[in-house]
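Structure record follows, encoded as structure tokens.
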Amino acid sequence: MTHRTVKSLAEAAKPEDLFRGQWQHNRTCVLDGYKPYLDERWDEGCTNAWKLWEAIVPLGYRGSYGRVSAYLRQKRTSPRPVTAQPPAPRMVTRWILSRPETLTETEQLRLEAVLADCPELDALARHVRSFAHMLTERRGERLPQWLDAVRQDGLPSLHTLAAGIDRDRDAVIAGLTLPWNSGVVEGHVDRIKMLKRQMFGRAGFALLRKRVLLTP
């Protein structure tokens, strides 16, 4: 135990002070996924802990009533509003890129809360899902309308993507419409790149050539 650790323990005024730092920030609780829903109901005027506990149990909450009661008690007594920690960007990205029907009810509620707080992210999610429908349903004829819709929103990163697609519009429409693709070719290219990295600095071109030709 270091001198700094001993000093921090000696100066702790209350038990909570013993848990400061990265460990406390990253702690997760079974209630975390349901806090956005509780915050929304609280803002609507529902402050009864028992009713809110009964409301989240059908959503999949498996924790105790005491956790819900403690969270709401903290909201009542805290001088500053107590709200749930926002989800990590990687988690929001996964929700947006997933099929809506594959998300749990809690994930859908949290995603809706995030999109409601950020109009730009809401527009991005609509464009991503619209493009996903074109891709999975092979509706390439919708691409011009999709590009026009993207340009109407103030999303510079999507504008760059749209400009790149527009430069090769015919090929992209064909890729979104026809059943054929270059997946096999890309697979062979990746295999050759992998062999090249494995052989770098170890042997000459002759051996590399044999590996490329003979490795299945």
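A few notes on this one:
- Ranked by how many other beta carbons lie within 10 Å on average, peptides 195-202, 173-180, 53-60 from highest: 53-60, 173-180, 195-202
- Couplings 3J(HN,Hα) for the stretch 57-66, derived from phi with the Karplus relation 6.51 cos²θ - 1.76 cosθ + 1.60 (θ = phi - 60°), are 4, x, 7, x, 5, 10, x, 8, 5, x Hz, where x marks Gly and Pro.
- A Förster distance of 30 Å, applied to the separation of the beta-carbon atoms of A116 and Q198, puts the FRET efficiency at 0.05.
- Within the shell of other residues whose beta carbon sits under 15 angstrom from the beta carbon of T177, the net charge comes to 0, with Lys and Arg scored +1 and Asp and Glu -1.
- Virtual spin-label span in nm between E40 and F205, 7 Å along Cα→Cβ: 6.3
Laboratory data are not the source of any read-out in this text; all were calculated from the coordinates shown. Small disclaimer: the values here were computed from a predicted structure and weren't measured. Don't worry about glycine lacking a Cβ; one is built from the backbone with ideal geometry, like all the others, and counts go over all protein chains shown.
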